[in-house]
Amino acid sequence: MKNKIPNSWLFGVLGFILATLLMTVGFASTFWIVVITVLASAAGYWLDKYDFDFTPLVQIFKRK
């Protein structure tokens, strides 16, 4: 894989983001931001893995 991002850059950016969140909003808020992000990405992974089709749901809320 030629376009793979090196882990040192990835974790460096992740550390910077977490440090910024901890300094600005505090530990508890940062914890919940991380938990919700992990849950949302897991849900997206599972929806993608099982090829969930959102078409019926979109049709319910679509303007006529």
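A simple spin-label model places the labels of residue 19 and residue 59 5.2 nm from each other, with each point 7 Å out along Cα-to-Cβ.
At a probe radius of 1.4 angstrom, the accessible area of the chain per residue rounds to 99 square angstrom.
Can you give me the % of accessible surface on the chain that is carbon or sulfur? Probe 1.4 Å, all protein chains present, nothing else counted.
Working: 4550 of 6320 Å².
Roughly 72 percent, rounded to a whole number.
Once the Cα atoms are used to define both axes, helix 7-25 deviates from the longest principal axis of the chain by about 90 degrees.
Only Cα sites of the chain enter the Debye sum here, all with the same form factor; the resulting log10 I(q)/I(0) across q = 0.14, 0.19, 0.24, 0.27 1/Å is -0.71, -0.89, -1.01, -1.09, listed in q order.
The values are calculated or read from the model by the stated rules, or taken from the named source; none is laboratory data. This structure is a prediction, so every number in the text was calculated from the model and none was measured. Because the Cβ atoms are built from the backbone with ideal geometry, glycine has one as well, and the counts that use them run over all protein chains shown. When the accessible area is computed, the model is the full protein with side chains, heavy atoms only, and any ligands, DNA or RNA have been set aside. Shrake-Rupley method; radii C 1.70, N 1.55, O 1.52, S 1.80 Å.
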